[in-house]
Amino acid sequence: MYSANHKTIFVLDHTPYFGIPCEAPIEFDFIKTRGTSHIPIKPISKSLWTCSVEAAIEYCRIAWDLFPTGKLIRFIASDSVPHILNNWNSSQQSISCIMSGLAQLGIPPSSRTANMPEHTVIHGLRTALSSFVECTDLQWERYKSFSANDDQKLINRCRVICITSTRDDESMKRLEDIFHNVLLQQNQLCQGGKRKADISLAIDHCHLVIINTYPVTIESQVSNHPPRHLSSILTTEVHSIKATLISNKLSSLILEHYDLASTTVTGIPMKEEQNASSSANYDVEIYHASSAHTSILKGNAADTAAIRTKKDGHEYETVTLKWCTPRSCSAAEMQNCTSMHRITPVDVNSRPSLCLINFLLNGRSVMLEMARKTGGKITSHLLAAHGGEIFVHTLSTARSVLEDPPSISEGCGGRVTDYRIPDFGLFIKQNRLFPLKPGNYKEIPTLKMKQRLARHTKYWPLTISSTLIFNLKAYIDPLPALITEEKITDEEVNRCKQVIYNLIGLESKHESLHLTNVGQKFKGQKREEQYKCVWKELETLIKNNLHTEQHRAIYTCLRECYKFNPDVSADRVELDQAIRELDYYENEGHQRATVIRATTDSPMSPPHSSATRNPTRAALGAKNLFDIFMASHSMAASKKSRLDFAGRREGGTIATLYANLKKDSERVTKGEGMVIE
């Protein structure tokens, strides 16, 4: 009742500019055999006005097919004056009424008319706001019931969809400001009354959607912007698109405005019109309420991603379900369903859509299957007609409420039998909620509890076979309980470190871990594999609980005690930490050298220079690891006993190959002989 889609007004720009063609030619010559005297017909092109009207009418058709009552739409055309095509009366909420009004209105006026008055879309926007304060039949019934209770107020929300064309962003901003000012002025004139005609309801919130359109061959200077709150009572958004894409944009917008979803029924067998003996598979897209997909979208994420695809040329996603063998729709064969919603085909004039609709209206039903990524299918929906209207039924894919409930040891679907039931019971006891007295708390209790639950469940395996450290409580406790706390003391940090040291000691002594209640996953594992799994899982647990510096100290202790395999996703060592490690190793090397000198040097040996000691952080300055490596490399190169090859030296020195070859040949000529070095 209080949603914005109860009252919607289309404001169509009827100015002379919308009489120009959209520059998208359509072939009008359908004659296949052309003789020599045949004169081809030139292609035609729709005008901006035709594109706008067709898209708006299709928007109304979808809305009224899915919501026969309660969703009211009005049309206002604007040129030199506003033209109201229908009112809020239910008798005028039909496609035929709007088409009749558009036929009487005609095409946009010509710009060549002399003494042409000012044509603007603002006239239509002003009239739309004055129409929103009018009371509809549904609002009038609610208003009478609220008049006896002063505490309740009738909320009036609405939406304007304006199809126009502006020059640039500044003109669009000026149009939004004018609409906002008129909205404020209109609310000041509202008043109550005892009759429906005397009542004018103040607008509590208005959603203005502006579609800026232009021919295909023109580049628009108007930029899009998402919904933006100009004030507490006005939200605006702008979409700048070509005239041929208005229908695609409105198809995406109607899904948002009425909370709809798209389903593509694929694999529909139909006989070919030209050859009745053969058949082909077709796809039909339908719209319906989004709640029809709630059950399947809450399932496995991999299965959900496999059936959701983006619609070609559109901005929304569609769920692909496969056609199943049709059955008769008798009461005895009706399936157990959880919800039922009206449907409407997207392309209402296509042959596949007509065949599917007629098939359902003849009393047949269609089962829809959802394919699973792991293999197999599940029947998720049913299409059937009731009273001349077609509905989609969401079938129950879980156990029936009429069956006996499964035992807790059986698990979900009877497949999982090793849930950590005792640990889960202990988890519930540790996170019980108690009533608090009202008062001013520093933190909201419910928010604090949610944060606690988020910490405790960052890593909490559901089954016994999926975890190893929680089956080794004699070796691991109390680390799992302490690491999930918000704050831990230094004493608790030492206790956690002691657990890590004990595991290191057990592994060094080659002692086996005594496992209890383990599944098939860990049976028959070697001792080395068990320890490897323990360290990997322990790292995952601690890494997911780095809340404070104390928690990070435990993680650092784990990384120092056990050398994990390098991982691409692992955190890189910071520069300061690397320099500290270099300092440590250099200092350690210097201490060893000092011990050696103390035992081998004589009293007359020269003192060791302090300048050759380890490069401290002050000596390194702002150097990075690459600079340090290159400096050490150059120092090592300078200490080489043999000179480097001339071709490798700096300065571009040219190396002479076989420099003594000429001298040796002269010696041979003189008979001196050669000496082989």
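The values are calculated or read from the model by the stated rules, or taken from the named source; none is laboratory data. Predicted model only: the values in this text are computed from it and were never measured. Backbone-built Cβ (ideal geometry, glycine too); neighbour counts: all protein chains shown. What goes into the accessible areas is simple: the full protein's heavy atoms, side chains included, and nothing from ligands, DNA or RNA. Shrake-Rupley method; radii C 1.70, N 1.55, O 1.52, S 1.80 Å.
For the stretch 71-92, filtered to residues that are open to solvent by 30 Å² or more (accessible area, probe 1.4 Å) and hydroxyl-bearing (Ser, Thr, Tyr), the residue that is nearest to His257 (Cα to Cα) is Ser90. Looking for something modelled with pLDDT of 85 or more and out of contact with any strand residue (DSSP E or B) (no Cβ under 7 Å at 6 or more places or on another chain) - is there at least one such residue anywhere in the stretch 313-324? Scanning the stretch 313-324, I find at least one residue that is modelled with pLDDT of 85 or more and out of contact with any strand residue (DSSP E or B) (no Cβ under 7 Å at 6 or more places or on another chain), so the answer is yes.
Selection over the stretch 342-384 of residues that are in a strand (DSSP E or B) and without any contact (Cβ under 8 Å) to a residue 60 or more places away in the chain gives a count of 9.
For the stretch 426-470, name all the residues that are in contact (Cβ under 8 Å) with a residue 60 or more places away in the chain and open to solvent by less than 90 Å² (accessible area, probe 1.4 Å). Matches in the stretch 426-470: Arg455, Tyr459, Thr467, Leu468, Ile469.
Against the list (1) of a type outside the set (Phe, Trp, Tyr); (2) assigned to a helix (DSSP H, G or I); (3) within 25 Å of Thr548 (Cα to Cα), the condition Lys458 fails is (2). The number of residues in the stretch 93-112 that are without any contact (Cβ under 8 Å) to a residue 40 or more places away in the chain, surrounded by fewer than 17 Cβ atoms within 10 Å (Cβ to Cβ) and not charged (D, E, K, R) comes to 9.
Here's the yes/no breakdown for (1) modelled with pLDDT under 90; (2) in contact with a Phe, Trp or Tyr (Cβ under 7 Å, 6 or more places away or on another chain); (3) assigned to a strand (DSSP E or B); (4) open to solvent by 30 Å² or more (accessible area, probe 1.4 Å):
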site: Val209; (1), (2), (3), (4): no, no, yes, no
site: Leu230; (1), (2), (3), (4): no, no, yes, yes
site: Glu237; (1), (2), (3), (4): no, no, yes, no
site: Asn248; (1), (2), (3), (4): no, no, no, yes
site: Leu253; (1), (2), (3), (4): no, no, no, no
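Exactly one residue out of Ser91, Ser110 is at pLDDT below 95, more than 23 Å from Ser231 (Cβ to Cβ) and either part of a helix (DSSP H, G or I) or under 38 Å from the mean Cα position of the chain (by Cα) (or both): that is Ser91. Within the stretch 495-508, the presence of at least one residue that is of a type in the set (D, E, K, R), without any contact (Cβ under 8 Å) to a residue 40 or more places away in the chain and farther than 24 Å from Gln430 by Cβ is confirmed.
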